[in-house]
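Structure record follows, encoded as structure tokens.
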Amino acid sequence: MMKWTLEAMRVSAGLTQKELADEFGCSSRTIARLENDSSDIGYKMLVKYINKFHVKFDDIFLGIKYENFVSNKQGA
């Protein structure tokens, strides 16, 4: 099962960080920070991602971007 990163969900929807931030009511800097390290994402923001991108909690990778890259390479 592939896990989606926050960045991959946004990019696959054709949205910029600014567009998503406007929709979520936060700054584009917040989106950038979460895409780089989502390990400390708050519940309310996580729910916004789940509802916006129609994914289940278990389908979302939460952690540091580098960890996701390493785990994907090891699984290949």
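Only the coordinates and a few stated rules stand behind these numbers; no lab work does. Since this is a predicted model, take the numbers as computed values, not measurements. Neighbour counts are summed over all protein chains in view; Cβ atoms, including those assigned to glycine, are modelled from backbone coordinates with ideal geometry.
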*For Ile50 paired with Met2, estimate the spin-label separation in nm (one decimal), with each label point 7 Å from Cα along the Cα-to-Cβ line.*
2.2 nm
*So, in nm, how far is label Asp40 from label Phe57 when the simple model puts each one 7 Å beyond its Cα toward the Cβ?*
2.1 nm
_Calculated FRET value between Ile64 and Lys18, using beta carbons and R₀ = 22 Å, to 0.05_ = 0.45
*asked:* Straight-line reach from Lys3: which aspartates and glutamates fall under 19 Å, measuring Cα to Cα and dropping same-chain residues less than 8 apart?
replied: Glu35, Asp37, Asp40, Asp58, Asp59, Glu67
*With each pseudo-label sitting 7 Å past Cα toward Cβ, what's the Val11-Arg33 distance in nm, one decimal?*
2.2 nm
